[in-house]
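What follows is a set of notes on a single structure, which appears directly below.
Each reported figure results from applying straightforward, stated rules to the coordinates on display, with no laboratory input. Only a predicted model underlies this, so the values are computations on that prediction, with no experimental measurement involved. Reconstructed Cβ throughout: ideal geometry from the backbone, glycine too, with neighbour counts over all protein chains shown.
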Amino acid sequence: MGRGKIEIKKIENSTNRQVTYSKRRTGIMKKANELTVLCDAEVSLVMFSSTGKLSEFCSPSTDTKRIVDRYQQVSGINLWNAQYEKMQNTLNHLKEINHNLRKEIRQRMGESLDGMDIKDLRGLEQNLDEALKLVRHRKYHVITTQTDTYKKKLKNSQEAHRNLLRELVSSEMKDEHPIYGFVDDDPSNYEGALALANGAGSHLYEFRVQPSQPNLHGMGYGSHDLRLA
């Protein structure tokens, strides 16, 4: 019993439509391949589904472009004229934009000003003033940002230096010093200890001893000053 005749019209159900397309696409691809093998024909087949998916077949002995070129020669129809004209129009438009931009750049550099009237020159001057304001604003912003960054780095370096000095004084002068006596851990004494570490101790602790015993003269000291450090 043969199949019933199918009415050729659009299948409304999208799922059924896609299934039918997939089955028939496979069948037509098979027929195209059979024509190529059995009849030595050059076949090119291009299909787009309703969802925009491309499916194509081309005989192994040729390619789609060669078949299209042969079609143009045989039919006398140029398939590329419309596309070529569109591309040419786009190219001309881009050339015009490029020409205008180059002209504007030259004018901003003080060149090609001969054809400009007073209105154009005034507009160019205003544009340059606005551009100069933006450049200066950006420059000051960059300078301020860099200055703040350098200040923070300097502050951190100074703090690290002070911490290292405190650690040095704490480790080397914690016990009794052979000349200056005991240095404790009181933070208030760090400044004096730092001064000692920097070589200022000879001036801070220098004093004069006047001999009050007569026998000191006999020991050879005379009236010379006795200085510590």
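Here are some notes:
- Spin-label model distance (nm) - D117 vs Q158, 7 Å beyond Cα toward Cβ: 6.3 nm
- By the Stokes-Einstein formula, at 1.306 mPa s and 10 °C, the stretch 37-177 with its Kirkwood radius over alpha-carbon pairs has D equal to 64 µm²/s.
- Relative contact order of the stretch 14-87, taken over Cα pairs closer than 8 Å and 6 or more residues apart, is 19 percent.
- Once the Kirkwood radius over Cα pairs is known for the stretch 14-87, the Stokes-Einstein relation at 20 °C and 1.002 mPa s delivers a diffusion coefficient of 149 µm²/s.
- When you filter the trypsin sites (Lys or Arg not before Pro) in the stretch 1-90 for DSSP loop state and at most 15 other Cβ atoms inside 10 Å of their Cβ, you are left with R3, K5, K9, K10, K53.
- The residue among Q126, V74, H141 whose Cα reaches farthest toward the positive pole of the charge dipole of the stretch 65-150, with charges on the beta-carbon of Lys, Arg, Asp and Glu, is V74.
- Taking 0.36 nm per residue of separation and subtracting the Cα-Cα distance, full extension of the segment from I11 to M109 would add 28.7 nm.
- Its Cα centre serving as origin, the stretch 14-87 has a Cβ charge dipole (Lys and Arg +1, Asp and Glu -1) of approximately 440 debye.
- Summarised as an ellipsoid, the stretch 74-116 has semi-axes of 40, 8, 5 Å, derived from the eigenvalues of the Cα gyration tensor scaled by 5 and square-rooted, with the largest first.
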